[in-house]
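The values are calculated or read from the model by the stated rules, or taken from the named source; none is laboratory data. Since the structure is predicted, the reported quantities are computational estimates derived from the model, not experimental observations. FYI the Cβ positions are ideal-geometry reconstructions off the backbone, even for glycines, and counts take in every protein chain you see. Areas reflect the complete protein model, heavy atoms only, side chains present, ligands, DNA and RNA absent. Shrake-Rupley method; radii C 1.70, N 1.55, O 1.52, S 1.80 Å.
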Amino acid sequence: KKKTQVVKRNLNPIWREVFTFKVADSSSVLTVTCLDWDFADAHDLIGKFEVKVHALLDGDQDQFFGLRDENGEATQGAIQLSLSYRPADSGATNISSAVAGVLQHMHPDTVQEIFDH
């Protein structure tokens, strides 16, 4: 589980953070969850999506991923990720994602992104 920094009062936050995840194999799934950060209350779900590691076997990806609610329905906003997969025996990390994310049409208060795998 990894977390980005909180970007407050911004409809289009940008993160330039790099995370590395060790995955069991190419059948693993990376779940990205985006929350509206609240100081006193529970954080509100803005949306989430999954990335199947096997989709990265054909090469690195740099794309926007649309957010979905708990029921799988599309919500407003998207996150741009640059992703790559490196097998353990290559001497490189298994999966890296450079978050150059852009969230659009979000609540003007704070946004926090949580990476689960």
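Some observations on this one:
- Candidate set: the range 12-33, residues that are open to solvent by 80 Å² or more (accessible area, probe 1.4 Å) and assigned to a loop (DSSP other than H, G, I, E, B); chosen: the one modelled with the highest pLDDT: Ser27
- Within the range 66-78, residues that are surrounded by 12 or more Cβ atoms within 10 Å (Cβ to Cβ) reach partners that are part of a loop (DSSP other than H, G, I, E, B) and among the acidic types (Asp, Glu) with beta carbons closer than 7 Å, at six or more positions or on different chains, in the pairs Thr75/Asp69.
- The range 34-54, residues that are assigned to a strand (DSSP E or B), of a type in the set (A, V, I, L, M) and open to solvent by 60 Å² or more (accessible area, probe 1.4 Å): Leu45
- Residues of the range 1-10 that turn out to be in contact with a strand residue (DSSP E or B) (Cβ under 9 Å, 6 or more places away or on another chain), assigned to a loop (DSSP other than H, G, I, E, B) and of a type outside the set (Ser, Thr, Tyr), as a count: 5
- Scan of the range 36-57 for residues that are charged (D, E, K, R) and modelled with pLDDT of 90 or more, ordered by number: Lys48, Glu50, Lys52
- Some residue of the range 58-65 being at pLDDT 90 or above, more than 16 Å from Lys3 (Cα to Cα), part of a loop (DSSP other than H, G, I, E, B) and of a type outside the set (D, E, K, R): no
- Inter-residue pairs, beta-carbon under 8 Å, first more than 15 Å from Leu81 (Cβ to Cβ) and in the range 1-29, second part of a loop (DSSP other than H, G, I, E, B) and acidic (Asp, Glu), 6+ apart: Lys8/Asp109; Arg9/Asp109
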